[in-house]
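Just below is one structure, and these are the notes that go with it.
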Amino acid sequence: ATQDVTFPQPTKVSRIAFRNHYTASITIRATQDREALRRKDTDNLEGWVTILKRARLMDDPHSEDTSQYWHSFGPDDLTGGSGEDAFVGLRIFFYQPSPTWSRCGVEGIRIWGVPPPPEAA
């Protein structure tokens, strides 16, 4: 499963936080291309850069113990791009190998970012 997050203007992403909902791990990809956001083919990586790869959210995907914790990923966790790149959107990929949970995802997504300064006229 995936979830897209779009920004009204290009934004430098500095931190992402959310509450887990039975997701074992996530990957987050970012794009500077609005056309890439419109494509729903998640296998096509053209125009995307991975900024967080297979981050583990649950200690055990078959156990409920850590299934609803809050998580926060900042500059030390987010890779890809130059750190100065401004993105127009993110695509979050959810992984849950356990057949125990019929649905997984994240809730309450909060993103800290800085829009780039306006271009000089």
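Bear in mind these aren't lab numbers, they're just calculated from the coordinates by the rules spelled out. Computed from a predicted model, the values in this text were never measured in an experiment. Note that we place each Cβ from the backbone using ideal geometry, even for glycine, and neighbour counts take in every protein chain shown.
For ALA24, what residues show an amide H to amide H distance below 5 Å, using hydrogens built from the backbone and excluding near sequence neighbours?
Those qualifying (amide H under 5 Å, at least 5 residues apart or on another chain) are TYR95, GLN96.
Using +1 at the C-beta of Lys and Arg and -1 at the C-beta of Asp and Glu, which of ALA24, ALA55, THR100 has the Cα lying farthest in the positive direction of the dipole of the chain?
It is THR100, whose Cα lies furthest towards the positive end.
How large is ³J(HN,Hα), in whole Hz, for each residue of the stretch 101-107 in order, when computed from phi with the Karplus curve 6.51 cos²θ - 1.76 cosθ + 1.60 and θ = phi - 60°, using x for Gly and Pro?
10, 7, 9, 8, x, 9, 10
Could you give the dipole magnitude of the chain about its Cα centre, charging the beta-carbon of Lys and Arg +1 and that of Asp and Glu -1, in debye to the nearest 20?
On the way: 14 positive and 16 negative charges, 42 e Å.
Result for the chain is approximately 200 debye, rounded to the nearest 20.
Using amide H atoms built in the peptide plane, which far-off residues or other-chain residues are under 5 Å from ARG39 H to H?
Under 5 Å from the amide H of ARG39 lies no amide H from a residue far enough along the sequence or on another chain.
Please say if the stretch 1-72 is rounded, prolate or oblate, where rounded means a/c under 1.5 for a ≥ b ≥ c the square roots of the C-alpha gyration tensor eigenvalues, and otherwise the choice is prolate for a/b larger than b/c and oblate otherwise?
Numbers: a/c = 2.61, a/b = 1.83, b/c = 1.43.
Taking the square roots of the gyration eigenvalues as a ≥ b ≥ c, the stretch 1-72 is prolate.
What does the chain give for Rg and for Dmax, in Å, if only its C-alpha atoms count?
Gyration radius and largest Cα-Cα distance of the chain: 15.0, 57 Å.
Mind giving me the FRET efficiency for ASP76 and GLN3? R0 is 30 Å, r the Cβ-Cβ distance, nearest 0.05 is fine. Before the final figure, lay out each step's value.
On the way: r = 23 Å, r/R0 = 0.78.
The pair ASP76/GLN3 has a calculated efficiency of 0.80.
What ³J(HN,Hα) values, in whole Hz, does the Karplus curve 6.51 cos²θ - 1.76 cosθ + 1.60 give for the stretch 64-79 when θ = phi - 60°, with x put for Gly and Pro?
Ordered by residue, 3J(HN,Hα) equals 7, 3, 10, 6, 10, 6, 7, 10, 9, 10, x, x, 6, 9, 7, 10 Hz.
Which value in deg cm²/dmol, rounded to the nearest 500, describes the helix-derived mean residue ellipticity at 222 nm for the chain, given -39,500 (n - 2.57) per DSSP H run of n ≥ 4 and division by the residue count? Before the final figure, lay out the partial values.
Numbers: 1 runs with 5 residues, N = 121.
So the helix-based figure for the chain works out to -1000 deg cm²/dmol.
Under a crude label model (7 Å from the Cα following the beta-carbon direction), how far is ILE109 from LEU45 in nanometres?
2.0
Give a quick list of trypsin sites (Lys or Arg not before Pro) in the stretch 1-39 that DSSP marks as loop, anything other than H, G, I, E or B, with at most 16 other Cβ atoms within 10 Å.
Details: sites: LYS12, ARG15, ARG19, ARG29, ARG34, ARG38, ARG39; in loops: ARG39.
Sparse-neighbourhood loop trypsin sites (Lys or Arg not before Pro): ARG39.
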